[in-house]
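Read the structure below first, then the notes.
Derivation of every value follows stated rules applied to the coordinates shown; laboratory data play no part. Everything numeric here is computed off the predicted structure, so don't read it as measured data. Neighbour counts run over all protein chains shown; Cβ positions are idealised from the backbone, glycine included.
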């Protein structure tokens, strides 16, 4: 890359610091609030501006708060179910769209639509649908319906991108060798698609895990996801330090997962080089 | 099946069976609910449990297009366009650097863009609330140059735009990253050889080359920020009410479902126009 970009670099000459400075600024913007949160989570007092000392009390209170833990458990189950359903439906749909056919444009548009519908519109529409038309009580089922709807498009996009890179002759070769449709899927298509399906499912999980707006219309009795619970508290008296502690834990966990993923990939790459 | 794997144009049973679950799901939980709201936008308000009753009128639209609502419309447009522009200004150098200059650190740096978004959206907004408060760090730094303001930056337009920018930045960075990866560096050399300077090269070669990602990213930031009522509610004040907030009020507090539905339909129509107008090349990315 450095070789090819030489023209760009020399032309920029002494202004070479502009791009790195902008990048450092962008990461500072991304991480300043997160680091602030992390600091607050270890603060001894409830204050958001003065540090009175280091303490783990908010983490301890988090682990003791039944209401928050129940909501967290519901949120995790919901996010896992959303990821699973969206991954299955999205992968099948993406596979069906891999070749041109009449109506493919329309189907692609329909599958991408939830992506560009503001959440508030989806939320109120599903509220009206479940309350007035379906007569289904709000809660887990309604939440799952909503979350799969807005995360499906992401799975379709990611898996379609991967399928575009799949040589169709692989499937044809498998067919010529006598593999039936299911065998072809299992031995040729799926192995290529796994990383994309995993990425799509991870995206669906995060979207579901963090959703406030849509969920706030569809939460039922005994079925309130964590973000909705937090929003209720936050609009009255600010986010509690426990939630700050929980968010900090989530960021640390995702950083660890990212590092592990990178190490695994680096190892695999070294393996392939040999 | 044969027709499909051999590259025929005919649909096969397997193809339809693969498409059916997603199609049925979106039909039931997306198309029907949105159609229902579209229908309600023509209904009459009912203060009782029914919420909407006949007769069908255009009253809700008359109310929605009332001149009194216009400032909210403009404010929402100003917030979401400012946030989109800010995301572009921050995201473009970031995506370009990560895609083209990060070498083997590429995926790590791309992942590092996403890590902060594992903290709950609300906690992130709340972090900004603390940062922008009267005794928060931002106001203190501004105080050093005499730009601090009593009450901090909270409840201002700037606070809402900062919150929206922060909330949706990754949606800008990811499509930009895709187009930056694809960009052919020989175009840069060609541009310099033809005598363009840095600015000429940026505006005539780089930006047009990245246009599909710019359009896709802008849509992905613009749409959620138009509908977001949580960020304005937490960082802004009563003077920062946005379009999404008005819709929310009609369904939650105000109990005027027909008006809320009419506003939702107007919002959806605006988004649909943007979506259709996004251009053919942007469709490669989104």
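Take peptide A:144-153, look around each residue's Cβ out to 10 angstrom, count Cβ atoms belonging to other protein chains, and average those counts.
Per-residue shielding by partner chains comes out at 3.
What full-extension length gain, to one decimal in nm, is calculated for residue A:132 and residue A:24 as 0.36 nm per residue of separation minus the Cα-Cα distance?
Roughly 33.8 nm would be gained on extension.
Using a Förster distance of 51 angstrom, determine the FRET efficiency expected from the C-beta separation of residue A:256 and residue B:47, and round it to 0.05.
0.45
Just from its helices, what would the mean residue ellipticity at 222 nm be for the protein assembly as shown, if runs of 4 or more DSSP H residues each count -39500 (n - 2.57) and the sum is divided by every residue, rounded to the nearest 500 deg cm²/dmol?
-22000 deg cm²/dmol, from helical runs alone.
For the pair residue A:56/residue B:207, report the inter-label distance in nm, with labels modelled 7 Å from Cα in the Cβ direction.
Each label point lies 7 Å from its Cα, and together they span 5.3 nm.
Expected output is a single nm value to one decimal: the length gained when fully extending between residue A:264 and residue A:69, i.e. 0.36 nm times separation in residues minus the C-alpha distance. What is it?
67.0 nm
Rounded, prolate or oblate: pick one for the protein assembly as shown, where a ≥ b ≥ c are the square roots of the eigenvalues of its C-alpha gyration tensor, a/c under 1.5 means rounded, and failing that, prolate if a/b is larger than b/c, else oblate. Intermediate values should be presented prior to the final figure.
On the way: a/c = 1.41, a/b = 1.07, b/c = 1.32.
Here the protein assembly as shown falls in the rounded category.
Calculate the length of the line joining the C-alpha centroid of the stretch A:167-243 to that of the stretch A:51-128, in whole Å.
About 6 Å separates the Cα centre of the stretch A:167-243 from the one of the stretch A:51-128.
Classify the stretch B:99-145 from the C-alpha gyration tensor, please: rounded if a/c falls under 1.5, else prolate or oblate depending on whether a/b exceeds b/c.
The shape class here is oblate.
Using Cβ counts within 10 Å as a stand-in for footprinting exposure, how do B:242, B:201 rank, fewest first?
Listed from fewest to most nearby Cβ atoms, that is B:201, B:242.
Taking 8 Å as the Cα distance limit and 6 or more residues as the minimum spacing, I'd like the relative contact order of chain B as a percentage.
Relative contact order, chain B: 26 percent.
Once you put a point 7 Å from the Cα of residue B:65 and another 7 Å from the Cα of residue B:182, both along the Cβ direction, what distance in nm separates them?
3.9
Mind telling me which of A:98, A:16, A:236 comes out most flexible in a GNM of chain A, alpha-carbon contacts under 10 Å?
Looking only at A:98, A:16, A:236, the largest GNM fluctuation is found for A:16.
Which shape class, rounded, prolate or oblate, goes with chain A when its Cα gyration tensor gives a ≥ b ≥ c as root eigenvalues, a/c under 1.5 marks rounded, and past that a/b bigger than b/c marks prolate?
Oblate shape, in that a/c is at least 1.5 and b/c is the bigger or equal ratio.
Say each of residue B:274 and residue B:147 gets a label point 7 Å from the Cα, pointing the same way as Cα to Cβ; how far apart are those two points in nm?
Placing both labels 7 Å along Cα→Cβ, they lie 2.8 nm apart.
Of all the C-alpha pairs in chain B, what % are more than 25 Å from each other?
Numbers: 25419 of 40755 pairs.
Tail of the P(r) past 25 Å holds 62 percent of the pairs.
Provide A:224, A:255 in ascending order of the number of other Cβ atoms located within 10 Å of each residue's Cβ, fewest first.
Ascending Cβ contact count within 10 Å gives the list A:255, A:224.
Mind ordering A:138-146, A:73-81, B:65-73, A:18-26 by average Cβ neighbours within 10 Å, highest first? Write out the running numbers ahead of the final one.
Numbers: A:138-146: 21.2, A:73-81: 17.8, B:65-73: 12.1, A:18-26: 15.2.
Top of the packing list down: A:138-146, A:73-81, A:18-26, B:65-73.
Percent of alpha carbon pairs in the stretch B:89-236 separated by more than 20 Å? Walk me through the numbers on the way to the answer.
On the way: 6403 of 10878 pairs.
Percent of Cα pairs beyond 20 Å in the stretch B:89-236: 59.
Output the peptides B:131-142, A:53-64 sorted from most to least packed, where packing is the average of other Cβ atoms within 10 Å over each peptide's residues.
The peptides rank, most packed first, as B:131-142, A:53-64.
Just counting partner chain Cβ atoms within 10 Å, what average do the residues of peptide B:242-248 show around their Cβ? Before the final figure, lay out the partial values.
Details: counts 1, 2, 6, 1, 1, 5, 6.
Other-chain Cβ atoms within 10 Å of each residue's Cβ, averaged: 3.
Over all residues in A:127-138, what is the mean tally of Cβ atoms on other chains that come within 10 Å of each residue's Cβ?
Per residue, the number of nearby Cβ atoms from other chains is 4 on average.
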